[in-house]
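Asker: Let me give you the structure first, and then I'll get to my questions.
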């Protein structure tokens, strides 16, 4: 019963994280390092951003499955279901709910981005605290660090850097909207501390 309660809470906090990400997208002042690539790919391909985010996470989930020595398929199936809800929640708010209102003030957009980052960080931290659902990118980096004895932080920051670089290349090559902006810096400075605080 306790595990079932924790799993339910994990799903709810997972969706809370998706809601926070949706708020940062609504703010339109840039997005986090990883989502800068997702948002750029969404604009380039005309596929909804929640679908792109879920799809990218599925790729990392498959990579985790390949690296995982235990390979408990039930856990990966649960993660896959969580990712579907995660992407659907982002699409729901980004394309159907948030377009119903508009913020005309840059300051309000900045405050909205900060609020979204805090909410996403709290959701992520709580999910990590319960240790039942995993975030594919973090799990992938953890597996790599265990196999190579290089730090988790090195792999995680490397992924962020590659996402930013690819996003910038696509942006300038195809004249897309720039997603690497001030919001990217805010997310870089704020998200990890909020996750650490929420996790404890």
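The values are calculated or read from the model by the stated rules, or taken from the named source; none is laboratory data. Model, not experiment: these values are computed from the prediction. All Cβ positions, glycine included, derive from the backbone under ideal geometry; neighbour counts span all protein chains shown.
Asker: Would you confirm, using the coordinates I've provided, whether residue 54 is under 22 Å from residue 180 (Cβ atoms), free of Cβ contacts under 8 Å to residues at least 60 places away in the same chain and in a helix (DSSP H, G or I)?
Answerer: Spelling it out, residue 54 is indeed under 22 Å from residue 180 (Cβ atoms), free of Cβ contacts under 8 Å to residues at least 60 places away in the same chain and in a helix (DSSP H, G or I).
Asker: Would you mind telling me which numbered condition in (1) over 20 Å from residue 194 (Cβ atoms); (2) in a helix (DSSP H, G or I); (3) at pLDDT below 90 residue 92 fails?
Answerer: Of (1) over 20 Å from residue 194 (Cβ atoms); (2) in a helix (DSSP H, G or I); (3) at pLDDT below 90, only one is false for residue 92: (3).
Each row is one residue, and each column tells you yes or no for (1) within 27 Å of residue 12 (Cα to Cα); (2) modelled with pLDDT of 95 or more; (3) in contact with a strand residue (DSSP E or B) (Cβ under 6 Å, 6 or more places away or on another chain).
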{"position": "106", "(1), (2), (3)": "no, yes, no"}
{"position": "127", "(1), (2), (3)": "yes, no, no"}
{"position": "130", "(1), (2), (3)": "yes, no, no"}
{"position": "154", "(1), (2), (3)": "no, no, no"}
{"position": "173", "(1), (2), (3)": "no, yes, no"}
{"position": "176", "(1), (2), (3)": "no, yes, no"}
{"position": "184", "(1), (2), (3)": "yes, yes, no"}
{"position": "192", "(1), (2), (3)": "yes, no, no"}
{"position": "195", "(1), (2), (3)": "yes, no, no"}
